[in-house]
Amino acid sequence: MTYTNSFIEFGEFLHCRGKKFTDFDAIRKEIEDETDRMTGSNKGISNAPINLRVYSPN
């Protein structure tokens, strides 16, 4: 987690540069979708990391 002067919490994925996710349900969905893209549907396990940075004023 990274501290920011912004009043909005958001997340950014390395594979979606420049796109800010402010809805944490959308972050969860993106993690699921990226896992499916990397492993195929219904496998759910991969050694490859999903890089997510979360920014928060707290």
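Throughout, read-outs are computed from the coordinates displayed, never taken from laboratory work. Predicted, not measured: the structure shown is a model, and the values here were computed from it. All Cβ positions, even for glycine, are placed from backbone atoms using ideal geometry, and neighbour counts span all protein chains on display.
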Label-to-label distance, nm, for residues given as Asp36 and Ile50 (7 Å Cα→Cβ offset): 1.1 nm
Straight-distance crosslink candidates among lysines, where the alpha carbon sits under 19 Å from Lys43 and sequence neighbours closer than 8 are dropped: Lys29
Sparse-neighbour loop sites [GluC sites (Glu not before Pro); region 4-58; at most 16 other C-beta within 10 Å; DSSP]: Glu9
Farthest toward positive dipole pole in region 10-55 [+1 Lys/Arg, -1 Asp/Glu at C-beta], among Gly18, Met38, Val54: Gly18
The chain: most fluctuating residue of Lys20, Lys43, Lys29 per GNM, C-alpha cutoff 10 Å: Lys43
Nearest-20 debye value, region 10-55 charge dipole, Cβ charges on Lys, Arg, Asp, Glu: 160 debye
On Cα atoms only, tilt of 24-39 relative to the major axis of the chain in degrees: 30 degrees
